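A.B. asks: Supplied in structure tokens, the structure appears directly below.
The values are calculated or read from the model by the stated rules, or taken from the named source; none is laboratory data. Treat the numbers as computed from the prediction; the structure is a model and nothing was measured. For neighbour counting, all protein chains shown are included, and Cβ atoms are generated from backbone atoms with ideal geometry for every residue, glycine included.
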2 protein chains.
Amino acid sequence: MQEAVQNILKKNQLSITGSRVRILELFLEQQGALAHGDIERRTGEKFDRVTVYRTLQVFLNKGIIHSIPTSDNSVLYALCKDDCGEGHHHDNHVHFVCDKCGNTLCLEDVTVPAIRLPKGYKFSQIQVIVNGRCKDCNRD
Amino acid sequence: MQEAVQNILKKNQLSITGSRVRILELFLEQQGALAHGDIERRTGEKFDRVTVYRTLQVFLNKGIIHSIPTSDNSVLYALCKDDCGEGHHHDNHVHFVCDKCGNTLCLEDVTVPAIRLPKGYKFSQIQVIVNGRCKDCNRD
DNA sequence: ACACAGATGCAACTTTGTTGCAAAATAATT
DNA sequence: AATTATTTTGCAACAAAGTTGCATCTGTGT
């Protein structure tokens, strides 16, 4: 784990600092999306709010994480699969938001369907947000 | 137009007030999505910020408008087609966000494609956000 | 015209996000 | 290993976005 984190940072030419390591660990631990607030809480407010913002921004720019749109005005961030090649833009994603536990995850193996747009429209990226019950919450 | 606005309000058992009428008009004029800030600006700050928030909240509850998830942490609102029946939940929407002009619109006539979820997952609602160039911005 | 319910505006506050700058930590160099 | 150069961090101050309680005003039904 430690090593995995360091590799990611090195590969992206980022210096290895406490906050970056800790935040990356969080993403690796919980395979799901995190909001800025989650991160602050789970790091025990050890890092300044500004640092968390900036760290997320850096990760976004480097393509280490991507952001997920939600309808309730909260931005979620999730780790990108590390086998993304150079040219990969994380364009097409299917995200699943569980209505019960609130967990959000990135369904990497579900393909984004083709969508027929009206004449004159050209698309560059498609995001799909699926709400429902996740595997774990569907047992009851 | 005046009449259309009043009909919508009456149908939803809402009293006809200045802010509600004006905000509904805005939505009808521009067939596209509006952010809270847009509304404040376009009404010339005539109404209190709180009133705008509350008005949008009421419209949301009544199902007159719906909210659109965006990746940049801004909530957009768009009018629901008024021919929505009672049982209609505005569940499945395709939204188009133009990368150039920023306009966001609700593609009502594009059907949301079926998505195959992994085992154990059940969905209740699917939203699709398409980024790209809209009809008007595609001319150049 | 009147009374009641509901909507508005104000003030104060919380939460969320941003910016500039000095201090501290990391990386590079010798 | 010590020193310098480069990044990153935390602080403070601020800006923007959103919420709440309450007194006042407005729209609606009688």
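A.B. asks: When you go through (1) aliphatic (A, V, I, L, M); (2) under 28 Å from B:Met1 (Cβ atoms); (3) more than 16 Å from DNA strand C (Cβ to nearest atom); (4) without any contact (Cβ under 8 Å) to a residue 12 or more places away in the chain one by one for B:Ile115, which number turns out not to apply?
C.D. replies: (2)
A.B. asks: Can I ask one more? If B:Gly44 satisfies every condition in (1) at positive phi; (2) assigned to a strand (DSSP E or B); (3) not polar (S, T, N, Q) but one, which is the exception?
C.D. replies: That leaves (2) as the condition not met.
A.B. asks: List the pairs whose first member sits in the stretch B:1-30 and is under 12 Å from B:Arg42 (Cβ atoms), whose second member is buried (at least 16 other Cβ atoms within 10 Å of the Cβ) and acidic (Asp, Glu), and whose Cβ atoms are under 9 Å apart, counting only residues at least 6 apart or on separate chains?
C.D. replies: These pairs meet every condition: B:Leu26/B:Asp38; B:Gln30/B:Asp38.
A.B. asks: Being hydrophobic (A, V, I, L, M, F, W, C) and not in a helix (DSSP H, G or I) is the requirement here; does B:Leu14 meet it?
C.D. replies: Numbers: hydrophobic (A, V, I, L, M, F, W, C): yes; not in a helix (DSSP H, G or I): yes.
So B:Leu14 fits the description; yes.
A.B. asks: Against the conditions (1) facing chain B (nearest Cβ under 10 Å); (2) part of a helix (DSSP H, G or I); (3) of a type in the set (Val, Ile, Thr), where does A:Val21 fall short? Just the number, please.
C.D. replies: All conditions are met except number (1).
A.B. asks: So, of the residues in the stretch A:56-79 that are buried (at least 19 other Cβ atoms within 10 Å of the Cβ) and either among the acidic types (Asp, Glu) or away from DNA strand C (no atom under 12 Å from the Cβ) (or both), which turns out to be modelled with the lowest pLDDT?
C.D. replies: Out of the qualifying residues, it is A:Pro69.
A.B. asks: To continue, here is another question. Just give me the residues in the stretch B:1-39 being exposed (fewer than 15 other Cβ atoms within 10 Å of the Cβ), within 12 Å of DNA strand D (Cβ to nearest atom) and closer than 22 Å to B:Pro69 by Cα, in sequence order.
C.D. replies: B:Gly37
A.B. asks: Next question. Mind listing just one residue for me: the one in the stretch A:40-53 that is surrounded by 13 or more Cβ atoms within 10 Å (Cβ to Cβ) and near DNA strand D (Cβ under 7 Å from one of its atoms) and, of those, farthest from the other protein chains (Cβ to nearest Cβ)? Working first, answer last.
C.D. replies: Restricting attention to the stretch A:40-53, the residues satisfying the condition of being surrounded by 13 or more Cβ atoms within 10 Å (Cβ to Cβ) are A:40, A:42-43, A:47, A:51-53.
Pick out the ones that are also near DNA strand D (Cβ under 7 Å from one of its atoms) and you get A:47, A:51.
Numbers: A:Phe47: 20, A:Thr51: 19 Å.
The extreme case among them is A:Phe47.
A.B. asks: Taking only pairs six or more apart or across chains, which ones have beta-carbon atoms under 8 Å, a first residue in the stretch A:122-135 that is within 7 Å of another protein chain (Cβ to nearest Cβ) and touching a residue at least 12 places away in the same chain (Cβ under 8 Å), and a second residue that is of a type in the set (Lys, Arg) and surrounded by fewer than 20 Cβ atoms within 10 Å (Cβ to Cβ)?
C.D. replies: Between residues of the stretch A:122-135 that are within 7 Å of another protein chain (Cβ to nearest Cβ) and touching a residue at least 12 places away in the same chain (Cβ under 8 Å) and residues that are of a type in the set (Lys, Arg) and surrounded by fewer than 20 Cβ atoms within 10 Å (Cβ to Cβ), the close pairs are A:Ser124/B:Arg133; A:Gly132/B:Lys122; A:Arg133/A:Lys100; A:Arg133/B:Lys122; A:Cys134/A:Lys100.
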